[in-house]
1. Confirm whether B:Lys123 is in a helix (DSSP H, G or I) and touching a residue at least 12 places away in the same chain (Cβ under 8 Å).
2. I'm trying to understand the selection: among the residues of the range B:64-78, which are of a type outside the set (A, V, I, L, M) and within 13 Å of chain A (Cβ to nearest Cβ)?
3. Which residues, taken from the range B:146-172, are among the acidic types (Asp, Glu), farther than 26 Å from B:Phe5 by Cβ and out of contact with any Asp or Glu (no Cβ under 9 Å at 6 or more places or on another chain)?
4. Can you tell me which condition A:Ser8 does not meet? The list is (1) over 29 Å from the mean Cα position of the chain (by Cα); (2) of a type outside the set (Asp, Glu); (3) more than 25 Å from B:Ile227 (Cβ to Cβ), and all the others hold.
5. Hey, any hits in the range A:120-141 for a residue that's under 14 Å from the mean Cα position of the chain (by Cα), within 13 Å of another protein chain (Cβ to nearest Cβ) and among the hydroxyl-bearing types (Ser, Thr, Tyr)?
6. At pLDDT below 95 and over 23 Å from B:Val144 (Cα atoms): which single residue out of B:Lys85, B:Lys120 fits that description?
7. Since B:Glu178 meets every condition but one in (1) more than 25 Å from A:Ala135 (Cβ to Cβ); (2) out of contact with any Lys or Arg (no Cβ under 9 Å at 6 or more places or on another chain); (3) within 14 Å of another protein chain (Cβ to nearest Cβ), which condition does it not meet?
8. Answer with yes or no whether A:Asp76 is surrounded by 14 or more Cβ atoms within 10 Å (Cβ to Cβ) and touching a His at 6+ places or on another chain (Cβ under 7 Å).
There are 2 protein chains.
Amino acid sequence: MQRYFLDSVVNKDRIGIVKEQYHHMIRVMRMKVGQCVYLVEPNRRAFLAEITEIEDDVVWLTYIADDDRQVELPVDVTIACGLPKGDKLEFIAQKATELGVHSILPVETSWSVVKWEMKKQDKKIQRLQKIAQEAAEQSHRHYVPTIYPMMSFKQLINHLNDYTHVIVAYEESAKQSEMSQLKKIYTSLKPNDRLLAIFGSEGGLSPDEITLLEKAGATLCGLGPRIMRAETAPLYLLSSLSYALELGGN
Amino acid sequence: MQRYFLDSVVNKDRIGIVKEQYHHMIRVMRMKVGQCVYLVEPNRRAFLAEITEIEDDVVWLTYIADDDRQVELPVDVTIACGLPKGDKLEFIAQKATELGVHSILPVETSWSVVKWEMKKQDKKIQRLQKIAQEAAEQSHRHYVPTIYPMMSFKQLINHLNDYTHVIVAYEESAKQSEMSQLKKIYTSLKPNDRLLAIFGSEGGLSPDEITLLEKAGATLCGLGPRIMRAETAPLYLLSSLSYALELGGN
């Protein structure tokens, strides 16, 4: 069933949908009175609603029932990643959304060969946000992940205190067969904790960056014994976290 | 360091590399006498080898040391998937290889809208095999996953006995909040077990196919509460299995 994310909490007796979402419901999906959709409020509450009236520029719906399935990860996971090449960040935005990410934070790292021009940044973030929105609808999320504006590495370091846990996916840890940190972190998580997971771009993070992160209290984690591409490692993290916290894996 | 998969077990005192791999080492990578590479035998044994002599059409190497890191999943996982649209099977071949898959089995399912022409099948499989080979080199695997020729659904059912465990990723299980089967299966796995994980294409598997699989003893599993795309679900499975078996998650 179609799913629409609302900008605000609504009066559930009579909900008016306008503009783009009106266009999508009535012109694209050709919905009629009596059909139902899921509406999702910004507070992550979703409910079933029925179309009661269609006007020229607004469609009216009324509340039918709550959708109280727990579809969001019990902790908020932010993926911070060095700017990867090509369309890999778009790939990450789509797949990480399917896998339950809370937000994505592009970071300028010293070994990334990609630079974002200042004037094109807003457009890039908007595009990533749109990809996340569509993926959130498709995967029946109750929350559209936030794509943050790009940060410098220094800004990232200054933001670490916003999170209850900070981990760094570190290829050298994988090579040195470091296999226990990830489970330790997952086991220590409590509901509503905020986990920041930091990933390098194709070249990884530099030794200086790793040192700064460690000094700031981040935990270096291996993600298993195989070397993954930059865009695959965040998916491993989110999948394993879901298994640990949602499927009783821990 | 560069990694080459050998066709056969070799005499380690004097190993001759010819043809494509010769071309790659000497013409593409411009390697010199004294440089080292990893060589991997078909029995999943890898070792460091040094170039001792370069002739016009053969490069000679000698054994230096074993690479006895355990980089392969302790169980062999085969991903069987309904034919997805576009280049998604290529995506699955690359990413599943990074995540440790043993083999990939394309299956004709009733709800897949994609049909493979008979005469193009060999070429498709070859292309997927090449993608798996390159991904195996990049991710430092000791094994190149096998891409099997396409099977009909009936053939798949007849092959289930080749595996110690058969699971089906079933979207309805996710909707019904089935959250315990995957962990049960993972907990019951023993080293060298053979796990077959079956995935539908975009449309999923049909109720008839699900019934046939259940009758044949397959276990339906939910992969968490969010709906994933056809190409994302196999990555969730492999990541969560790695976490469970390689990072002490279980």
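The values are calculated or read from the model by the stated rules, or taken from the named source; none is laboratory data. Just so it is clear, the structure is predicted and the values come from calculations on it, not from any experiment. Neighbour counts run over all protein chains shown; Cβ positions are idealised from the backbone, glycine included.
1. So B:Lys123 fails the test.
2. Start the filter on the range B:64-78 by keeping residues that are of a type outside the set (A, V, I, L, M), which leaves B:66-70, B:72, B:74, B:76, B:78.
Result: B:Asp67, B:Asp68, B:Arg69, B:Gln70, B:Glu72, B:Pro74.
3. Of the range B:146-172, the ones among the acidic types (Asp, Glu) are B:162, B:171-172.
Remaining after also requiring farther than 26 Å from B:Phe5 by Cβ: B:171-172.
If the condition is that a residue be among the acidic types (Asp, Glu), farther than 26 Å from B:Phe5 by Cβ and out of contact with any Asp or Glu (no Cβ under 9 Å at 6 or more places or on another chain), then B:Glu171 is the only one that fits.
4. Result: A:Ser8 fails condition (1) only.
5. Taking every residue of the range A:120-141 in turn, at least one turns out to be under 14 Å from the mean Cα position of the chain (by Cα), within 13 Å of another protein chain (Cβ to nearest Cβ) and among the hydroxyl-bearing types (Ser, Thr, Tyr).
6. Values: B:Lys120 fails: over 23 Å from B:Val144 (Cα atoms).
After applying the criteria, what remains is B:Lys85.
7. Tallying (1) more than 25 Å from A:Ala135 (Cβ to Cβ); (2) out of contact with any Lys or Arg (no Cβ under 9 Å at 6 or more places or on another chain); (3) within 14 Å of another protein chain (Cβ to nearest Cβ), B:Glu178 fails exactly one: (1).
8. Working: surrounded by 14 or more Cβ atoms within 10 Å (Cβ to Cβ): yes; touching a His at 6+ places or on another chain (Cβ under 7 Å): yes.
For A:Asp76, the condition - surrounded by 14 or more Cβ atoms within 10 Å (Cβ to Cβ) and touching a His at 6+ places or on another chain (Cβ under 7 Å) - is met.
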